[in-house]
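**Student:** A single structure is presented below for examination.
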Amino acid sequence: EAQVTQNPRYLITVTGKKLTVTCSQNMNHEYMSWYRQDPGLGLRQIYYSMNVEVTDKGDVPEGYKVSRKEKRNFPLILESPSPNQTSLYFCASSTGTGNTGELFFGEGSRLTVL
Amino acid sequence: AQSVAQPEDQVNVAEGNPLTVKCTYSVSGNPYLFWYVQYPNRGLQFLLKYITGDNLVKGSYGFEAEFNKSQTSFHLKKPSALVSDSALYFCAVRDPYMFSGGYNKLIFGAGTRLAVHP
């Protein structure tokens, strides 16, 4: 089954404790991206990757890092989480050929930073 | 700047009645438009898209949307609502000539919660 898998789905942590949210897709997609969803703001792009070893900032990259060492994986790293990073996070992927295709989303990771 | 507006935070509809969820957009060129649905504790699921051609596009679960270039709108519609349609709906736009964020970046509206009552 084609899917984007995120882990963990739920996480409560404390300020400053480094954490990683993993994302993996099995569709051989070149493009991957992270979004955060906040009430009243919709989804906003954090980082994206056009292909292996190619990453760049989205609209709200502060406090986040990413890496793309393999095509299928695109982890989101919070080096020193702060309460304003409490949010619902989505990983998404898409084919790289043209830009008419839809994004495929993971189930989401709800993060609470105390 | 690219933007998407969903003017209603919530839409309430009785089961069996037609529903409309509104969306307007602002992009510099010809947009690619999408609708996604989010059920509780789930990710976003693709419903339909407009790229080019017929202004009325049909999608999953009986939904359709009408692209109106003069009004810069892309309203989501369904002729007969079901209780199971209750969810959060997102309209999104992609400007095919803007590379910022990667060519597959979507700009999302704030979302509209659809509540269908029995």
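The values are calculated or read from the model by the stated rules, or taken from the named source; none is laboratory data. Given the structure is predicted, the values throughout are model-derived calculations rather than measurements. Ideal geometry is used to build each Cβ from the backbone, glycine not excepted, and the neighbour counts take in all protein chains shown. When the accessible area is computed, the model is the full protein with side chains, heavy atoms only, and any ligands, DNA or RNA have been set aside. Shrake-Rupley method; radii C 1.70, N 1.55, O 1.52, S 1.80 Å.
**Student:** Taking the stretch B:70-118 as the region of interest, what is the percent of Cα-Cα pairs per 10 angstrom bin, listed from the shortest bin to the one with the maximum distance?
**Tutor:** Answer for the stretch B:70-118: a P(r) of 21, 38, 27, 13, 1 percent.
**Student:** Could you give the dipole magnitude of chain A about its Cα centre, charging the beta-carbon of Lys and Arg +1 and that of Asp and Glu -1, in debye to the nearest 20?
**Tutor:** Its charge dipole is roughly 340 debye.
**Student:** As I understand it, the dipole of chain A uses +1 on the Cβ of Lys and Arg and -1 on the Cβ of Asp and Glu, about the Cα centre. Which of A:5, A:100, A:26 lies farthest toward its positive end?
**Tutor:** The residue sitting farthest along the positive end of the dipole is A:5.
**Student:** Can you tell me which lysines have their Cα less than 27 Å from the Cα of residue B:49? Leave out same-chain residues fewer than eight positions away.
**Tutor:** A:57, A:71, B:22, B:58, B:69, B:77, B:78, B:105
**Student:** Sticking with this one: Please compute the volume of the convex hull spanned by the alpha-carbon atoms of chain B and report it per residue in Å³. The partial results should precede the final answer.
**Tutor:** Working: hull volume 11.8 nm³, N = 118.
Normalising the Cα hull of chain B by residue number yields 100 Å³.
**Student:** Same structure again: About the Cα centre of the protein assembly as shown, what is the dipole size in debye to 20, counting +1 per Lys and Arg Cβ and -1 per Asp and Glu Cβ, all else neutral?
**Tutor:** Here the size comes out at about 380 debye.
**Student:** In Å², rounded to the nearest 100, what is the total accessible surface buried by chains B and A against each other with a 1.4 Å probe?
**Tutor:** Looking at B and A, the buried total is near 2200 Å².
**Student:** How big is chain A by the Kirkwood estimate over distinct Cα pairs, in Å?
**Tutor:** Over chain A, the inverse of the mean reciprocal pair distance is 14.0 Å.
**Student:** Using only atoms on other chains, find how many Cβ atoms lie within 10 Å of each Cβ of peptide B:39-49 and report the average.
**Tutor:** Mean partner-chain Cβ count within 10 Å for B:39-49: 4.
**Student:** Using the beta-carbon distance between residue B:72 and residue B:10 and R0 = 25 Å, what value does 1/(1 + (r/R0)^6) give for FRET efficiency, to the nearest 0.05?
**Tutor:** So the FRET efficiency works out to roughly 0.65.
**Student:** Check residue A:3: other-chain or 5+ apart residues with amide H under 5 Å from its amide H, H built from backbone geometry?
**Tutor:** Long-range HN contacts for residue A:3: A:26, A:27.
**Student:** Have a look at B:106, B:68, B:55 and report the one farthest towards the positive end of the charge dipole of chain B, computed about the Cα centre with Cβ charges (Lys/Arg +1, Asp/Glu -1).
**Tutor:** The one lying farthest along the dipole's positive direction is B:106.
**Student:** Roughly how many Å² is the accessible area per residue of chain A, as a whole number, for a 1.4 Å probe?
**Tutor:** Accessible surface, normalised per residue, equals 46 Å².
**Student:** Taking every DSSP beta bridge that has both residues in the protein assembly as shown, what percent is antiparallel when rounded to the nearest 5?
**Tutor:** About 90 percent, rounded to the nearest 5.
**Student:** Separate question: In nanometres, what is the gap between the two model label sites at residue B:117 and residue A:82, each 7 Å from Cα along Cα-to-Cβ?
**Tutor:** 4.3
**Student:** Can you say what percent of the DSSP beta bridges in chain B, counting only those with both residues inside, are antiparallel? Round to 5.
**Tutor:** Working: 33 of 38 bridges.
About 85 percent, rounded to the nearest 5.
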